[in-house]
Each structure stands twice: as C-alpha cells, then as structure tokens.
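Below is one structure; the comments refer to it alone.
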Amino acid sequence: MSAKHAAPVSLSTILEKFRDKFPVSPEKWQEYTGQFQRIQVPAKTILLKEGEISRKAYLIEKGCLRVWFDNKGEEVTFQFFFENCTVSSIESFKKGTPSLFSLETIEPCTLWWIDKNDVDRLLEEVSEIPSMRNQIMNTLFERTLHYMQHFLSFVRDTPQERYENLLNHHPYLIQRVPQHYIASYLGISRVHLSRIKNKLARGK
C-alpha cells in the first residue's frame, strides 16, 4: 500500500494536482503528459516478470496491483497499489538491471504508462528545477519508508497485530484483495489468517 485508496480519476486530474509545483510552460506540460499511453488490462495480467528489465512506469487510474517475488516456488506478496499510485520496479527501471519482483494486476485495471526513454528525457530537462527534483525524491523516499515499515512489522508485531493494523489503517485493502494475497503479505498461511479472523470475530 503506497497511498490511500481513492476514486478513479482521469490522467489530467491525477497530474493536475502537481501542476502548480512544476514551473514549466503550458506547452511543456502538455508535452510531458502527452507521453503517457492509456491501456486497459484484465485481472491477473503480468506487467513485469521477475528477472526482466523494467522499461515502463505505470500510473493507476482504476484497479489494484500487487508486487510479488518467487521464494522457492512460492509467491510472496509484499506490496499493493491502488488508484492514483505510481508503480514500477524502481531499481530495474533506473539502472537497467533485472527486476527483483513481478508486477501483476489483481483486478481489471485502467493504467497510464510511460516509456523509460521518455522518462529519461523528461528528467534531464527538469533536473535543474528544485520543485520537480524534490517531488521525485519525495516519491522515492515514500516507497522506501513503506518497505522499512513493512519489514519492521515482521520484527515487532505478531501476525494478529499485523492483520489488525490493516483493518484499522487500510480497510479498503481487506475489502478488495483476495485473502490468499493478504495472508502472503502478512507472512502467514491462509489457514492461520482464517484463525485470526475467527478469533477477532468471537471477541466482538
């Protein structure tokens, strides 16, 4: 989960909230936003396979995606993305190295994607604009902070505490994501998750 769930909106609406932060001409702004391509894909579509080199960054207009990796034949889910979030394999996208994870849709999705060549060209042009540079850095740090929080929760919290945290802070995730993905995200089996849910239900 990298951002709170929100109702789906168009690309122009998503990007317009950043418009005032980027002091570029209307023509340049139109050029930048024009680099995005809109696609619609069904559920369980692999957008990037583990080991491939990422060449696209995505902006979610509608739908839900998960990030997962293969652990000795078992899929381990460790992050979810919803409407208005950007997602890519950052290290692979930036450095041209094989991705450490796969990116897959959970629901039918409407996505906007941009090619790495266009991103590189855009970043080169705006690299000297402090507000743009800061916005990009904030996005990267937000993702890193989520990874750190998720890792610390495995050290600090019990599986039940991790599930209760989802209930309290990300209830939309519980409602939209299949239970076996949630169990994987929490680091437990589906049977264990069912026991936790039953225990909490009895305690009400």
Worksheet item: Is segment 103-113 home to any residue that is touching a Phe, Trp or Tyr at 6+ places or on another chain (Cβ under 8 Å), exposed (fewer than 15 other Cβ atoms within 10 Å of the Cβ) and either at pLDDT 90 or above or acidic (Asp, Glu) (or both)?
Response: no
Item to complete: Kindly indicate whether GLU74 is at pLDDT below 85 and of a type in the set (Asp, Glu).
Response: no
Worksheet entry | Matching option when the condition is more than 24 Å from the chain's Cα centre (by Cα) and on the phi < 0 side of the Ramachandran plot, among VAL177, VAL191 | VAL191
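Of the residues that make up segment 80-88, is at least one under 24 Å from HIS169 (Cβ atoms), at pLDDT 90 or above and surrounded by fewer than 20 Cβ atoms within 10 Å (Cβ to Cβ)?
Step one: list which residues in segment 80-88 are under 24 Å from HIS169 (Cβ atoms), which gives 80-87.
From the residues that got through so far, the ones that are at pLDDT 90 or above too are 80-82.
With surrounded by fewer than 20 Cβ atoms within 10 Å (Cβ to Cβ) added as a condition, the list becomes none.
The answer is no; no qualifying residue exists.
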Fill in: Filtered residue count, segment 176-203, keeping only those that are of a type outside the set (Ser, Thr, Tyr) and not in a helix (DSSP H, G or I)
4
Response to the item:
Picking from LEU47, LEU59, the residue that is closer than 21 Å to SER92 by Cβ and at pLDDT below 95 would be LEU59
Discussion item. Return the residues of segment 191-204 that are closer than 20 Å to ASN71 by Cα and surrounded by fewer than 13 Cβ atoms within 10 Å (Cβ to Cβ); say none if nothing qualifies.
Written reply: VAL191
Discussion item. Condition first: farther than 15 Å from LEU100 by Cβ, in a loop (DSSP other than H, G, I, E, B) and not hydroxyl-bearing (Ser, Thr, Tyr). Now tell me which residues in segment 26-71 satisfy that.
Written reply: GLY34, GLN35, PHE36, PRO42, ALA43, LYS44, ARG55, GLY63, CYS64
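The values are calculated or read from the model by the stated rules, or taken from the named source; none is laboratory data. Predicted model only: the values in this text are computed from it and were never measured. No Cβ is skipped: glycine too gets one built from the backbone with ideal geometry, and neighbour counts run over all protein chains shown.
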